[in-house]
Every structure is written in structure tokens, then in C-alpha cells.
Amino acid sequence: MRAADGTECHPYPHWRAVRMKATLSTRLIVWVGGPAAVLFAVVVWSASRRSFDRVAAQTEASARFMAKTYAREVDVRLSAARKIPEMIGVTLETGALETPAKVESFLHDVLVRNTDVYGSCIAFRPYGLDKDLSAYAPYYYRDGGEAKFEQLGKPDYNYFQWDWYRLPRDAGHAMWTEPYFDDGGGNAIMITYSVPFRREELFWGITTIDIAMTQLIAETESIKVGQTGYAFIVSKEGRYVACPDHEKIMKATVQETNPVLGQHMSAGEEGFRRTNEPMQKRPSWIAYVPIQNGELSLAIVFPESEALGEARELRDELLVIGLVGLAGLFVALVLVARSVSKPITQLAAAAQQVAQGDLEQRLSVKAPTVEVAHLTNAFNKMTRDLQMRMQELRYTTTVKERFEGELTAARNIQMSLVPKRFPAFPERTEFDVHALLRPAREVGGDFYDFYFLDADRLCFLIGDVSGKGIPAALFMAVTKTLLKASSSRGLPIAQMMAQMNDELAEQSDSGMFVSLFFAVLDVKTGALTFCNAGHPAPFLLSAAGVAPLDSERNVALGAMPGLAYHATTAQLAPGDALFLYTDGVTEALTDGDQFYGPARLQGTLAGVAALGVEKITRSVVADVRTFCGEREQSDDISVMSLRWLGPASHS
């Protein structure tokens, strides 16, 4: 349509203005609101994602730490308990307990002194103790706080067929049994550690300790894992030993509800999985670690909804605030774009600082709209919450570092108690000595020492305290102090060892004891006098080869008072060497649970017998680590090598 002057005119003159207005509004939203919205979304998502990841990582670390802590507590108790039947077996092999009355009295004292043990048994082979007793197995167990006695050798309880007797007898070595219900014995669910003992190199019977699962179940149920989490323990076959659902105990396996988790736990692996928990099949985070002693596995279950609840709430809160803020932003851009652009710019800049780690950022903007005010408050709350989380993380890290520092100091103190400077006596040409100590943890119970009693008599010793950690280290320090004081009195070795045993037995309220090899060498003549108190026999490296040093058997120190000890003498030839060690060497395990063993140790010594004493000790320790592979050291390792070179030559 044209006007009179020939120009085109529109029938609706306001349409062009409306179209222009709509275009300007759209461009304002696109070019100002679009980038601002994208920037805001990226910042909020980045901040929420980082907070989510930090909370998730902290939860995983907490689950792993809790699982390792409780598993270590159970492992330490079982490790200490396994020493008890070994000590009983050594005592029986010495012939000190030759009548039923002495056996039962000794067994009663063992149970009373070891409060963590539910029961203990000495099961003799048929007619093993008395020709009139075809089956004799005295058993003491706890009932209502009292020590009760039961003779398991009875018609309705053929203990010769039970796994705790039969399996170690046939295998020829100690082992943990699968948890079982001991009907007729302790009448409770328990796990047993069985140790075979011999007389004249022939099988004579089995000594055992029983750990009642009742206490373990109660302790497992008492573990607090958030609001609805829990802990459970399974055997090496995957059978529930302790769990919240008592109907599943000893009846169901974890493989029935979660085969993959059951496979890893039964294999004795350590790990962390996001999977369905076995009780209610809820999505959960599960940390699991093996309990080496007892061949068990412990798991800590964190329900995912609870573990990530706070992180998800924070994420959802940030997302909601973000959506509200974006809606307010677009409305404000349409209405008052210029007034809203300034606070949004400030918000974006502050959020960017937060994303870069500056959690001190706070907004104090006079918001022209309620939506922007809400966004500002939410942002400030987010930064405060993140700052609080970071402070909690720093506090946790500080506490952990302080604890590790204290353990390091304790290790340094312990290592200062044993000689470490070699050659130890550079001015003496009659002998050479070298020793190494490798604790399984920061501190341990192994120790060694050597010193002169006078100008010609060298005293040297090596010992192993039952248990591990700080208690064993303290007991070790007491033992070492008493040894040095007692040896300086000039008493015969047998009398000194008997006095040491009485003093340690009187002071040991926790049932701890120490195996010890104590010897005195006349460096002028090569005459050797020694006493072995329940310790692995040293190896003699001579021209005839490598062989264990024979000696009379004695009970470990501190096991029970009033015992007699016997010394043995030997004559060393020039060039002969002795190799002393603790059971951490021969009981070192591979990932396949194979022991290093005395036979491999003897073979290793045969290959290095002609080398210097330092190379002998270091070669053995290196071979043990090669044998174990990636498996963590489970017991303290101490070795000592001493070679007599002959009397000193005088010009």
C-alpha cells in the first residue's frame, strides 16, 4: 500500500515498533542473559561437583580406615591368642606335665590369666597320657565369669573326628578352624586355633584355644556406622560369623546375595566396592579387609543414601538455588537489565574465586530484586559450608599426622634400645657380630643385645615377646632391662633364667611372655654356654655344614612361675658361626599363605655360610622379602649372626 507521495505504508503502523521491541528484548536476553546464565551454571556445577567429590572421598577414606582399625584390633587379639597353645605345646614337650592333675591345673591357670580366651583344651592321642585313658582331653572354658571344666574324652563326643583335632594332626602344623558350633564342648559358636605337639618326634596330641564368637558378634554389632550402616564378618568360606541378622549367622553365606563381594572377601583381599549390601540389598559403599589370624574378613557397610546424603543435599540445594537465580536473572534482565547486571557480575567473579579455592569470599551486594538477594545468601552459605568442610578435613589430617609422629618417636626410642653400630667391637679380633631388627609395625616385641660380662666373656641374646605393637614394645623394654641387670650378678645361666622367669611372671598381668635364647661365649677358648627358653633353635655354620644347634628345651619366660631351666654347653671351632633369628623369619607368608620355613632358611644359610656376618644377616632378610613378594610383613623379624674367629693373637 502506497501513500500519495508514492512511499509504502503499512496498514498497521504500530507493528514495526512491536517487532523492533521484541527483537531488542530477545537480543538483550541472548547477548547478556545467555552468557551470564552459562557462566553461573558452570560455576555452580563446578562448586557442587567439587564439594560432592570431596565428601565422597572423605567417606571412602573413613570407611577404609574404620574397617582397617577394627580388623587390626581383632587381628591383634587373635595373634596374641595363638601364642598360648604354642606355649602349652612347648611346655608339654618338655615333660613337665606328666599327670592329669598337673595338666588340668596348668590348663586352668592358662585360662584364668588370659581373659580374651573363651576356652582351652589339651587333647591327647589315644592312651597318650595314661595307658588307662583311651581318650583324655581336659577342657576349661568360661561360664558366667567362672572357669568350668569338662573332659571331652567321652562316648557322646568323639573329639578325634572333629576338625580342630583331625586337620592339624593330619597336616602336621598349627591352623585356624572354620567357625563351628561346639556341641558338647563349649556349647557355643567359636573359632579354634589348634597346635600339634610331639614327644620323641611322634605326634602326641593337640593344644587349642577357643575364641567365642558371642563376644565377637556383640562387638561387631556395637560398631557404629552412621545411622543405618553396619559391620559384618565372614569366614574364609564366606559364611556369616557376625552380622545384624542373627538368623544368617553360621547358616548363610555372603555369596548367596552378592557373589562378587563374597569372592573377594573369601579370597582374603582388601578393597572398596560400590555395590548392593548383603542384608537389605541397598546400594552401598563397602570397605572390606582380611583378618589374617582366624582367616576371617571384616566389612564396613555405608548405605549410599546415607553416606552421600549430606553431599546430595548440598548439591540439590545449589541446583535449586541456581535455577531460582537463573529465573530471577532472566526476569530481571527483561525488566531492569542494567540494575541486575552489576550484582550478577559480582556474583560470577566471587564464584570464580571460590572455584579457584578462595573460600573466604563473601557477597555484600544490595540486591535490587528478591531473587538476586536469595542467590547472594545461598552463595554465602555455600562458601561457609565449604570452608567448614575444609577446616574439618585439615583437623583430621593434623590429628593423623600427630599420631603418626608419636608412633615414629616410639619406634626411634625402641630402636635406640638395641645396638645398631657395626662393627660393634672394632678393637676385638676374636669374633665378629651383626644384627638386624625389622618391626612389623611402628613398634614391636622383638629384641636382641650383646655386651661383655668381663674381658673375655661375651653375652649375646635374642628374644620375641608375644603380641605386637606398643604393649609388646613396653614388655620388651622391661625384659631387656631385667636381663642386663640379672646377667651382671654373675649367677649361673640356668639360675639367672629361672629368676628372670619368676620376675616376669609376677609382673605380667596381661598374660604376655617372651621366648629367649641367651648365651655366653668365652672369646679366648670358643666355649659356649647357652639356654633356650621356648625360642627357635639357632643354626650352627661350621665346616661340617649348616645344622640347628641342639639344646635342652625350656619354657618361654613369664609363662608361669616356679619353673626350672637348664643350660647347654658347646665348643666352637675357629671360623664357626651362629645364626639367631625370631619366628618372624620362618613364619613369613606369601600371598598364597605358604610359610618361609626352617628348611628354606637352612638352604639360604648354606649358600652364604662363608660370607661375612653382615652379608649373612642381610642376605637372609632380603630372601625373606623376596619370598613374601607384595604381602605385608605380618610379624617382627630379628636376625643375628656371630662368628668366632679364634683367640686373639699377641705379638
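Structure summary
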| read-out | value |
| --- | --- |
| Neighbourhood net charge (9 Å Cβ-Cβ; Lys/Arg +1, Asp/Glu -1) for Ile211 | -1 |
| Sequence of Val30, Val585 when ordered by accessible area, the most exposed leading, probe 1.4 angstrom | Val30, Val585 |
| Local electrostatic count at Leu393 - Lys and Arg +1, Asp and Glu -1, tallied over other residues with Cβ under 12 Å | +3 |
| If the convex hull is drawn through the Cα atoms of segment 107-156, its volume per residue in Å³ | 78 Å³ |
| Principal-axis tilt of helix 15-28 within the chain, Cα atoms, nearest 10 degrees | 20 degrees |
| Helix 613-628 axis, angle to the chain major axis (alpha carbon atoms, nearest 10°) | 50 degrees |
| GluC sites (Glu not before Pro), loop per DSSP, at most 11 other Cβ atoms within 10 Å - longest free stretch of the chain | 428-629 |
| Nearest-20 debye value, the chain charge dipole, Cβ charges on Lys, Arg, Asp, Glu | 3460 debye |
| Segment 88-196 shape via C-alpha gyration tensor axes, a/c threshold 1.5 | rounded |
| Computed helical MRE - 222 nm, the chain, DSSP H runs ≥ 4 contributing -39500 (n - 2.57), nearest 500 | -14500 deg cm²/dmol |
| Positive-end extreme of charge dipole, the chain - chosen from Met279, Ala527, Ala71 (charges on Cβ) | Met279 |
| Sulfur and carbon atoms: percent of accessible area, segment 418-475 [1.4 Å] | 56 percent |
| Range of Cα positions in segment 487-640 per principal axis (Å), largest first | 43, 42, 22 |
| Segment 569-646 - Kirkwood radius from inverse mean 1/r over Cα pairs (Å) | 13.2 Å |
| Stokes-Einstein D in µm²/s, Kirkwood radius over Cα pairs - segment 160-292 at 10 °C with 1.306 mPa s viscosity | 97 µm²/s |
| Cα-based shape type of segment 504-593, given that a ≥ b ≥ c are square roots of the gyration tensor eigenvalues and the cut on a/c is 1.5 | oblate |
| Subset of Lys224/Lys281; Lys68/Lys148; Lys68/Lys381; Lys68/Lys236; Lys248/Lys468; Lys83/Lys251 violating a 27 Å alpha-carbon distance limit | Lys68/Lys148; Lys68/Lys381; Lys248/Lys468; Lys83/Lys251 |
| Mean shadow area of segment 274-318, taken as a quarter of the surface of its Cα convex hull (nm²) | 3.8 nm² |
| Antiparallel DSSP beta bridges within segment 427-577, percent to nearest 5 | 95 percent |
| Segment 445-503: proportion of alpha-carbon pairs further apart than 16 angstrom, % | 46 percent |
| Charge dipole magnitude, Cβ of K and R +1, D and E -1 - segment 207-268, Cα centre, debye nearest 20 | 120 debye |
| FRET efficiency, 1/(1 + (r/R0)^6) with R0 35 Å, evaluated for Ala477 and Thr398 via beta carbons | 0.75 |
| Trypsin sites (Lys or Arg not before Pro) restricted to DSSP loop in segment 113-165 with at most 10 other C-beta within 10 Å | Lys131 |
| Angstrom value of the Kirkwood radius, inverse mean 1/r, which spans all Cα pairs in segment 78-146 | 12.7 Å |
| Gln215/Val370 FRET efficiency (R0 56 Å; Cβ-Cβ; nearest 0.05) | 0.40 |
| Segment 561-607: Rg to Rh, with Rh as the Kirkwood radius over Cα pairs | 1.14 |
| Overall Cα dimensions of the chain - principal axes, largest extent first, Å | 140, 77, 40 |
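The values are calculated or read from the model by the stated rules, or taken from the named source; none is laboratory data. Predicted model only: the values in this text are computed from it and were never measured. As a convention, Cβ positions derive from the backbone with ideal geometry for all residues, glycine included, and neighbour counts pool all protein chains shown. Only protein heavy atoms, including side chains, enter the accessible area calculation; ligands, DNA and RNA are left aside. Shrake-Rupley method; radii C 1.70, N 1.55, O 1.52, S 1.80 Å.
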